[in-house]
């Protein structure tokens, strides 16, 4: 019995040490991959130019000045609630990247930066190489541009359904309003469109858009931007869609 009791702690220590070595190996592998990726991936200094070219291709205007607070809050709460506290990627996702490359599985946890670089530099590719490059480019994007600039590019680069490209065109097309004048009801509808803009088009699919808006409002409550009572009141408000929207 004594030998058995003494053996269990030793076995436990061996298992713990193996786990520590495994984690350290993953971190080292991740650092090597990120270092190599930093050299092999392009600069992101031209990100704003790429967004501008996308808008120009659709004859859509670009945002200027301060990013509209309500739209920004709704977007961040829904798509990337830790946007301001992460360096462009979720640290846990970075640690999972080597496993994803080996297993071929998506590491998940895409940030706003990762979603933006996927559209600007990877054209939506889901290959293993593109996924690895996406992480490195997201880190570069966060280092090169301010959070406000990244938000502006993300909102400008977005397709909002119904043929509307960029936030200015979407706000005017759906509601006849400037982005800065959008109500919480309108801002939460637009923020919900990024996941599936055509499926949640409030003109064509109002019921689906209403359900998606409810999710956005739930997220605004979860992060503390709105109280439950405020969110419920917003959910009952009219969207004031333009008849021609």
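Structure above, values below:
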| item | result |
| --- | --- |
| Test for residue 98: is it in contact with a helix residue (DSSP H, G or I) (Cβ under 8 Å, 6 or more places away or on another chain) and modelled with pLDDT under 65 | yes |
| Flag for residue 122 being in contact with a helix residue (DSSP H, G or I) (Cβ under 6 Å, 6 or more places away or on another chain) and modelled with pLDDT under 95 | yes |
| Failed item in (1) surrounded by fewer than 17 Cβ atoms within 10 Å (Cβ to Cβ); (2) modelled with pLDDT under 95, with residue 56 passing the rest | (2) |
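The values are calculated or read from the model by the stated rules, or taken from the named source; none is laboratory data. This structure is a prediction, so every number in the text was calculated from the model and none was measured. Virtual Cβ from ideal backbone geometry, glycine too; neighbours counted across all protein chains shown.
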